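This report concerns only the one structure given below.
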Amino acid sequence: MEIYLVGGAVRDKLLGLAPQDRDWVVVGATPEQMLARGFKPVGKDFPVFLHPETNEEYALARTERKTGPGYHGFEFHADPEVTLEQDLARRDLTINAMAEAEDGTLVDPFGGEEDLAAGRLRHVSPAFAEDPVRVLRIARYAARYAKWGFKVAHATHHLMKEMVASGEVDALVPERVWQELVRALGEDTPSRFFDVLRRCGALERVFPELDGLFGVPQPKHHHPEEDTGVHVLLVLDQAARLTPDTRVRFAALVHDLGKGTTPEAEWPSHHAHEERGVALVEGLCERLHCPREYRELAVAVTRLHGLYHRADELRPETLLRTLEQLDAFRRPERLEQYLLASEADSRGRPGHEGGEADLPNTHLFRTACHAAHGVQAREVVADGFEGKAIGEELHRRRVRAIARALDAVTE
């Protein structure tokens, strides 16, 4: 029995990073031998065991064979005769197909260390094309390692294009797409995920609403980048700079979907794109089975981000109505998420990235919220108002409070 550290832990150690998870491969063992050593079985499709003390995963060396389309169409074979190299050969990228022996020796049959040094994301074998999830995973790795200049190898890019053309990517199930999307949104440069998918043609198949934004022009005096798709990716990276919250990053990603439905005759103007975008966001979230908290914030930002940009022109009544739509008085965190996504929208243009300080419109919204929240229903009730009149009077007083607060800001 030989035990090897494999995959991401080996890759991260070579990059000088602290491994987040450690996975192990066991060569030359049977399930019975693993059970005899106290390991706990957890695998259904193939033998995977949990270490009795560390609870880390130990998998018996195995091979796999494609038996059908999509992610689940595989047949696995685990046997004491399966070698380490055979096990590593089934992995996606060379940088993930390295192992470390118990004495620290690196086992690298496919040139992963060299690719790591060169910043190259390269597939191990043609078997890469058998699993459509790998298209999403390689795009996610491109987003994770963008700061080091990692690129997809030409041959791998060509293989990904073939997977799109053959329809293999169409077999992706919503749950796996969403899982990879959220993980990509959490990376340092999430825009690279969508850039890689677009270059191989997968974006059109997996996220057609986003793909449809590229080539759609915007007014140049507001958007030096002009192209709506380019703008959205700039906004996404600004959101990533402002917050680690993937809910905010998702909202920033989808906030302008409505511009993809603007009639060409109206270009580069996009009147009422906010409301048109709401239906597209809801459809995307439904298709991908998005969690409610992602959907609700994305819809709110899509519908209301235009008001953020005109905050200094809004009447106190409109500001209050916007705060109420955000449920800002009961959920102050929702207001902060909205402000972060909207601020990313403002900064997502060449020359407008700005510094670290909050933008004036962010301060204005916070001022209005603080002033309105200072007026409570119990005060209205104490003054003798009843029934429907309580809400009406509370609304009037909050509008006046916002007006006074804004006057004080401008003095």
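The values are calculated or read from the model by the stated rules, or taken from the named source; none is laboratory data. Values in this document were obtained by computation on a predicted structure and should not be read as measured data. Glycine also receives a Cβ, built like all others from the backbone with ideal geometry; neighbour counts cover every protein chain displayed.
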Exercise. Tell me, yes or no, whether the stretch 288-310 has at least one residue that is in contact with a Leu (Cβ under 8 Å, 6 or more places away or on another chain), closer than 23 Å to GLY186 by Cα and in a loop (DSSP other than H, G, I, E, B).
Key: yes
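Say we look at the stretch 129-157 and pick out the residues that are out of contact with any strand residue (DSSP E or B) (no Cβ under 7 Å at 6 or more places or on another chain) and among the aliphatic types (A, V, I, L, M); which of these is modelled with the lowest pLDDT? Write out each step before concluding.
Going through the stretch 129-157, the residues out of contact with any strand residue (DSSP E or B) (no Cβ under 7 Å at 6 or more places or on another chain) turn out to be 129, 131-137, 139-140, 143-149, 154-155, 157.
Then keep just the ones that are among the aliphatic types (A, V, I, L, M); that gives 129, 133, 135-136, 139, 143, 146, 155.
Working: ALA129: 93, VAL133: 96, VAL135: 98, LEU136: 98, ALA139: 98, ALA143: 98, ALA146: 96, ALA155: 98.
Only one residue fits best here, namely ALA129.
Scan GLU225, GLU209, GLU187 and give me the residue that is surrounded by 16 or more Cβ atoms within 10 Å (Cβ to Cβ), closer than 20 Å to ASP345 by Cα and either touching a Pro at 6+ places or on another chain (Cβ under 9 Å) or modelled with pLDDT under 95 (or both). Give the derivation first.
Values: GLU209 fails: either touching a Pro at 6+ places or on another chain (Cβ under 9 Å) or modelled with pLDDT under 95 (or both); GLU187 fails: either touching a Pro at 6+ places or on another chain (Cβ under 9 Å) or modelled with pLDDT under 95 (or both).
Being surrounded by 16 or more Cβ atoms within 10 Å (Cβ to Cβ), closer than 20 Å to ASP345 by Cα and either touching a Pro at 6+ places or on another chain (Cβ under 9 Å) or modelled with pLDDT under 95 (or both) holds for just one of GLU225, GLU209, GLU187, which is GLU225.
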Exercise. Could you tell me whether any residue of the stretch 93-100 is in a loop (DSSP other than H, G, I, E, B) and modelled with pLDDT of 95 or more?
Key: yes
Quiz item: What single numbered condition from (1) closer than 30 Å to VAL206 by Cβ; (2) assigned to a loop (DSSP other than H, G, I, E, B); (3) touching a helix residue (DSSP H, G or I) at 6+ places or on another chain (Cβ under 7 Å) fails to hold for PRO109?
Solution: (1)
Quiz prompt | Residue satisfying all of: in the stretch 258-278; over 23 Å from THR246 (Cβ atoms) and among the hydrophobic types (A, V, I, L, M, F, W, C); farthest from the chain's Cα centre (by Cα) among these | solution = ALA265
Exercise. May I ask you to say which residue of LEU297, LEU280, LEU314 is more than 30 Å from ARG397 (Cα to Cα) and surrounded by 15 or more Cβ atoms within 10 Å (Cβ to Cβ)?
Key: LEU280
Self-check item: Options VAL169, VAL182, VAL196, VAL164; residue that is assigned to a helix (DSSP H, G or I), within 21 Å of GLY283 (Cβ to Cβ), in contact (Cβ under 8 Å) with a residue 40 or more places away in the chain and under 23 Å from the mean Cα position of the chain (by Cα)
Solution: VAL182
Quiz item: Just for the stretch 242-274: of the residues that are assigned to a helix (DSSP H, G or I) and out of contact with any helix residue (DSSP H, G or I) (no Cβ under 8 Å at 6 or more places or on another chain), which one is surrounded by the most Cβ atoms within 10 Å (Cβ to Cβ)?
Solution: GLU266
Exercise. Please work out if GLY119 is on the phi > 0 side of the Ramachandran plot, in contact with a helix residue (DSSP H, G or I) (Cβ under 7 Å, 6 or more places away or on another chain) and surrounded by 14 or more Cβ atoms within 10 Å (Cβ to Cβ).
Key: no
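Does ALA372 qualify as being at pLDDT 95 or above, surrounded by fewer than 13 Cβ atoms within 10 Å (Cβ to Cβ), of a type outside the set (Asp, Glu) and in a helix (DSSP H, G or I)?
Values: at pLDDT 95 or above: yes; surrounded by fewer than 13 Cβ atoms within 10 Å (Cβ to Cβ): no; of a type outside the set (Asp, Glu): yes; in a helix (DSSP H, G or I): yes.
Considered against the rule, which asks whether it is at pLDDT 95 or above, surrounded by fewer than 13 Cβ atoms within 10 Å (Cβ to Cβ), of a type outside the set (Asp, Glu) and in a helix (DSSP H, G or I), ALA372 comes out as no.
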Practice problem: Could you figure out which of (1) in a strand (DSSP E or B); (2) buried (at least 21 other Cβ atoms within 10 Å of the Cβ); (3) among the hydrophobic types (A, V, I, L, M, F, W, C) isn't true of ALA139? | Solution: (1)
